[in-house]
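Single-structure report; data block below.
Computed from the coordinates by the stated procedures, all read-outs in this text should not be read as laboratory data. Source: prediction; values computed, not measured. Cβ sites come from the backbone with ideal geometry, for glycine too, and all protein chains shown count toward neighbours.
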Amino acid sequence: MRYGDSRADGTDGEAAADRADGGTAADRRLLAVLRDCGDRPAVAAAARSLSYAGEHAALWLAAGLTGAAADPARRSAWLRATAAVAGAHLTSMAVKRVVRRPRPPDGGGRPALVRTAGRHSFPSSHAASASAAAVAFGALLPRDGGRRLLPAAVAAAMCVSRVVVGVHYPTDVLAGALLGGLTARVPTVTRPRTRSSRNGRPV
């Protein structure tokens, strides 16, 4: 049954509200808490910026292509990683069309801080592409200096931003992150193994 469908099954009022709104009671409570954070101007500005940057996976696609241009020795690896990000985004869009979960009404009790490209919520495409980038790009960055953690940190902030701006339930984001992480592993699993040098670059 799709989200928003109704039936006379004897469920209580809260369960009926879950179906109508698309989120569980726990979803709505956590959404309200994080949406309250968006009342702070600095938090709202950061959340909006992250949401806009992640629209259609733009930030991550640009980062992957930049990596391919800046690292000719591993250009094919960067391009595979970028393709994984695009694949995660497209897969999430396909799942949305099947599940058709509506977005939180009124941004979780108040106006949403950003507009959205579509009306369906599950899973979060921002979270899917961000998680895919964190896994795929993180594997290509040096381990020293904390640079490998940078994609994960930005991805985590972007995921949270989608709830702060009021356009996703927490479970949308969780599902998107899991989908993206799994999608990013496909090129790693399917590509031929190569010998590696001490610094992790193929030889």
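Can you give the local net charge around residue 116? Use residues other than it whose beta-carbon is closer than 10 angstrom to its beta-carbon, Lys and Arg +1, Asp and Glu -1.
+3
If N is the number of residues in segment 36-97, what value comes out of its Cα radius of gyration divided by 2.2 N^0.38 Å?
My calculation over the Cα atoms of segment 36-97 gives 1.44.
With labels modelled as points extended 7 Å from the Cα through the Cβ direction, what inter-label distance (nm, one decimal) is found for residue 97 paired with residue 49?
For the pair residue 97/residue 49, the computed spacing is 3.5 nm.
Tell me the net charge near residue 165. Cut-off is 9 Å between Cβ atoms, residue 165 excluded, with +1 for each Lys or Arg and -1 for each Asp or Glu.
Computed value for this residue: +3.
By how many nm would the segment from residue 144 to residue 178 lengthen if fully extended, with 0.36 nm per residue of separation less the alpha-carbon distance?
Length difference between fully extended and current span is 9.6 nm.
Which FRET efficiency, nearest 0.05, do residue 33 and residue 66 yield, Cβ-Cβ r, R0 45 Å?
0.80
Per residue and in cubic angstrom, what volume does the convex hull of the Cα atoms of segment 46-185 have?
Residue-normalised Cα hull volume stands at 91 Å³.
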